[in-house]
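The values are calculated or read from the model by the stated rules, or taken from the named source; none is laboratory data. All values reported here derive from a predicted model rather than from experimental measurement. Cβ placement follows ideal geometry from the backbone for every residue including glycine, while neighbour counts extend to all protein chains displayed. With ligands, DNA and RNA removed, areas are computed over all heavy atoms of the protein, side chains included. Shrake-Rupley method; radii C 1.70, N 1.55, O 1.52, S 1.80 Å.
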Amino acid sequence: MDLRHLRYFVAIAEHGSFTKAAEALHIEQPPLSQQIKSLETELGVQLFIRSKRGAALTDFGEQLFEKAQTILRLEHQFHLLAKGLSLGEQGRLRIGMAGAVALLPLIPKAIRAFREQWPDIVITLEESNTPALCEALRERRVDLAIVRPPAPDPDIVLHPLFDEPTLIAIPKGHPLSKRHTLKLIDVAKEPFLIFDRSLGPGFYDAIISACQQGGFTPRFGQAAPQIAATIPMVAAGLGVAVVPAYLRQIHADGATFHPISGPSPRASISLATLETELTGPSANFQQILLAIGNSN
């Protein structure tokens, strides 16, 4: 039995006539009758009571009719889903994000634009650090990730989005807090709050390099568990930090933020994928993300 037999069976039941069903199916009546006879033989039951007035379902036919309709509906839904998946209009999109990247205006803007165009895609978000997200890409637990380069895995493909300027965060009430801009050397004697290098080696190295260009090697204070965690630690008076500019959105009453004059690190953000050429929802989101990123 194939699905064609079920379509024939349902068409006859719905039209109540072999002749009308044949017309609707655009086939001749004799082949249709033969196909139904073959189906009845295969199933071992009679599906229709045939008469000059048309065709009526038998008790067996009544019971099988609803099931046949369900199967055909599922077939139709299957084809729609397959087509939607191939076009990137249905399915799921799993996005990984490095710590606090979700605070970038770019991210909610891109997700909102994506949802407006493809509302049937289910989006899930996962936040972690760059090495963990690259591992998640490798294990296909996420489809793409927004990370701070470099990627520890040579097979990960990075698509640069932009470089974010950085600020110096210092405790409120500090003698330097009244100044608008600061040089890195101005805070050389302060304990530097910084995250573990493994969480973001590119940004970590950029901070250390900028300090050395500014004429000093930072004196490390307490290590921060994540980049964003440096803000409340600064507010608590534990030291100073160099942070991406977008982190000033974290409203810590005890911290002030100052643009850096002279040598300063940049916080690079990239889209990470496992394949050079993406397909489906991933390709659509990449297109939106790069377009918005390039316009900023």
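What number of residues in the range 204-230 are in contact (Cβ under 8 Å) with a residue 40 or more places away in the chain, more than 22 Å from Ser261 (Cβ to Cβ) and of a type in the set (A, V, I, L, M, F, W, C)?
So the count comes out to 2.
State which residue is farthest from Ala169 (Cα to Cα) when the search covers only the range 191-203 and only residues that are surrounded by 19 or more Cβ atoms within 10 Å (Cβ to Cβ) and without any contact (Cβ under 8 Å) to a residue 60 or more places away in the chain.
Checking each candidate, the answer is Phe195.
Check Ile185, Ile207, Ile111, Ile107 and return the single one that is assigned to a helix (DSSP H, G or I), open to solvent by 50 Å² or more (accessible area, probe 1.4 Å) and of a type in the set (A, V, I, L, M, F, W, C).
Just a single option satisfies the conditions, and that option is Ile185.
Scanning the range 2-29 for residues that are assigned to a helix (DSSP H, G or I) and touching a residue at least 40 places away in the same chain (Cβ under 8 Å), which turns out farthest from Arg53 (Cα to Cα)?
Ranking the candidates gives Leu3 first.
Specify the residue that is nearest to Ala68 (Cα to Cα); the eligible residues are those in the range 20-57 that are open to solvent by 50 Å² or more (accessible area, probe 1.4 Å) and touching a strand residue (DSSP E or B) at 6+ places or on another chain (Cβ under 6 Å).
Within the range 20-57, the match that is nearest to Ala68 (Cα to Cα) is Ala56.
For the range 248-296, which residues satisfy the criterion of being of a type in the set (Gly, Ala, Ser), part of a helix (DSSP H, G or I) and touching a residue at least 12 places away in the same chain (Cβ under 8 Å)?
Residues satisfying the conditions are Gly280, Ser282, Ala283, Gly293.
Just give me the residues in the range 114-156 being of a type in the set (A, V, I, L, M, F, W, C), touching a strand residue (DSSP E or B) at 6+ places or on another chain (Cβ under 8 Å) and assigned to a loop (DSSP other than H, G, I, E, B), in sequence order.
Selection gives Val142, Ala151, Ile156.
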